[in-house]
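Enquirer: Mind looking over this structure? Questions follow.
The values are calculated or read from the model by the stated rules, or taken from the named source; none is laboratory data. Bear in mind that the values here come from a model prediction, so they are computed numbers and not experimental data. Methodologically, a virtual Cβ is constructed for each residue, glycine included, from the backbone with ideal geometry; neighbour enumeration extends over all protein chains shown. For the accessible areas, the whole protein counts, side chains as well, though only heavy atoms, and no ligand, DNA or RNA atoms are used. Shrake-Rupley method; radii C 1.70, N 1.55, O 1.52, S 1.80 Å.
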Amino acid sequence: MAVRLLSHELSDLCLGKPPLRSLSITSTIAEVLEVLKTSDDNFVSVWSCDHKAKTSSGFESATGFSDDYDDGDDECRCVGKVCMVDVICFLCKDENLVSPSVALKEPISVLLPKIPGLVKHVEPSCSLLESIDLILQGAQNLVVPIKTKLSNKRKQHQKPSPTVTIHKGREFCWLTQEDVIRFLLSSIGLFSPKPAFSIDTLGIISPDILTIEYHSPASAATGAIARALVDQTSVAVVDSEGTLIGEISPFTLACCDETVAAAIKTLSSGDLMAYIDCGGPPEDLVRVVSARLKERNFNGMLEHFTMSMSSGGFSSASSSSDEESMTTPVSPLPRSGRYSRSMSYSARMVRRSEAIVCHPKSSLVAVMIQAIAHRVNYVWVIEDDCSLVGIVTFSNMLKVFREHLETMA
């Protein structure tokens, strides 16, 4: 069984994965918003298909080659990924709040983090061990070419998608830390007895956490939110004694629209948690945001914010219960501060701002299941008095499995 596990290639993990939706690095932020608002995915891949823009952008390719690596062929590579949180953090800058319409005309390249290696191209034959090593080295997404064989009848009925990347007859998907963790969980018995050990015993609780005080301005957390997005973690909201109250999660923000930048700029961290909750922003907070935008002369964002509220058809949290909004099998009506997407799995999984927590004595397998069930890459670790101890991430977990796999090899 162990030999069989080690023999798996990335192509085995790609079964059933949809092809990537993508944009060229020359696209604008407005085009990013359009794709995100009509997609079931939280992220859109960015490709260097426009070679003229590529050689002038100054970006390093995902595999470490400079952008002028091209030797004459028309190869197109993924150089990064963007999501709604990137747009929100960008719009939080004062100059962009003054005139968001101008900011949205900026190229997508301004959103890409200046961190090389977050996205890596790999072949389908890449081994499980090699993929884990790449993730532990900092890769968040492994871009894998896939083969999609469609019958002529299906091709006739298939709607063309201008944002699906096809290069030399091949489409691409990407694998994440969650995909690898899910795969390992399916063979968890092979790693016995380690999965039953506590996360404290395994030494995988990280004290390196991002926090903000409940009453502090949410704008003070903008940098932490951007880092949490890169680290695939979250920002803990704590009281003056370090007790965990909730979180400002990039996963939750990714399910909102760009006008949440106005809330981040004008509300406290505690009020922001209420604003982005799954029931929709309370009317009183919407009024507060509007009033403070006006006071600070952020007229461009005020106009954008007001139009969003009107076109979205404001519905307060009291208009329907949170339970109903999470379980109704049909697409919800648009909410202010939140865009309406098709009722995909990710759309149904919009969470509250309540943090997902465990205890130091929780077992590794229990924490894995907890994180996967809530579609997050981390779980906060607290003591019985709710004081924050640290965080456990998928990356921490993969280190444990990598060591065990090496002994199998």
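Enquirer: Taking into account only those residues within the range 167-199 that are assigned to a strand (DSSP E or B) and not aromatic (Phe, Trp, Tyr), which is most open to solvent (accessible area, probe 1.4 Å)?
Expert: Checked the range 167-199; the qualifying residue most open to solvent (accessible area, probe 1.4 Å) is ARG170.
Enquirer: Say we look at the range 200-230 and pick out the residues that are of a type in the set (Asp, Glu) and either assigned to a loop (DSSP other than H, G, I, E, B) or in contact with a strand residue (DSSP E or B) (Cβ under 8 Å, 6 or more places away or on another chain) (or both); which of these is least open to solvent (accessible area, probe 1.4 Å)? Write out each step before concluding.
Expert: Here is the first cut: in the range 200-230, the residues of a type in the set (Asp, Glu) are 200, 208, 213.
So of that shortlist, the ones also either assigned to a loop (DSSP other than H, G, I, E, B) or in contact with a strand residue (DSSP E or B) (Cβ under 8 Å, 6 or more places away or on another chain) (or both) come out as 208, 213.
Values: ASP208: 94, GLU213: 59 Å².
Going through the qualifying residues, I end up with GLU213.
Enquirer: In addition: Considering only residues that are in contact with a Leu (Cβ under 8 Å, 6 or more places away or on another chain) and surrounded by fewer than 17 Cβ atoms within 10 Å (Cβ to Cβ), look in the range 135-146 and name the one that is nearest to ARG21 (Cα to Cα).
Expert: Here the residue is GLY138.
Enquirer: I'm checking my understanding of the structure. Among residues of the range 231-241 that are assigned to a loop (DSSP other than H, G, I, E, B) and open to solvent by 30 Å² or more (accessible area, probe 1.4 Å), which one is nearest to ASP86 (Cα to Cα)?
Expert: GLN232
Enquirer: I want to confirm something. Restricting to the range 359-409 and keeping residues that are among the polar types (S, T, N, Q) and assigned to a loop (DSSP other than H, G, I, E, B), which single residue is farthest from ILE181 (Cα to Cα)?
Expert: It comes out as SER362.
Enquirer: Looking at ASP271, ASP277, which one is under 23 Å from ILE248 (Cα atoms), open to solvent by 30 Å² or more (accessible area, probe 1.4 Å) and either modelled with pLDDT under 65 or touching a Lys or Arg at 6+ places or on another chain (Cβ under 6 Å) (or both)?
Expert: Unique residue meeting the criteria: ASP277.
Enquirer: In addition: Go through the residues of the range 63-74 one by one and say whether even a single one is closer than 19 Å to LYS120 by Cα, at pLDDT 80 or above and under 24 Å from the mean Cα position of the chain (by Cα). First the steps, then the outcome.
Expert: Initially, the range 63-74 is screened for residues closer than 19 Å to LYS120 by Cα, giving 63-70, 74.
This time we only want the ones that are at pLDDT 80 or above, so: none.
The answer is no; no qualifying residue exists.
Enquirer: Give me the helices (runs of 4 or more DSSP H) completely within the range 1-42, filtered to those with at least 3 residues that are open to solvent by 70 Å² or more (accessible area, probe 1.4 Å) and of a type in the set (A, V, I, L, M, F, W, C), ordered by residue number.
Expert: Output list is empty.
Enquirer: OK, next. Could you pull out the residue among GLU130, GLU123 that is open to solvent by 60 Å² or more (accessible area, probe 1.4 Å), at pLDDT below 95 and not in a helix (DSSP H, G or I)?
Expert: GLU123
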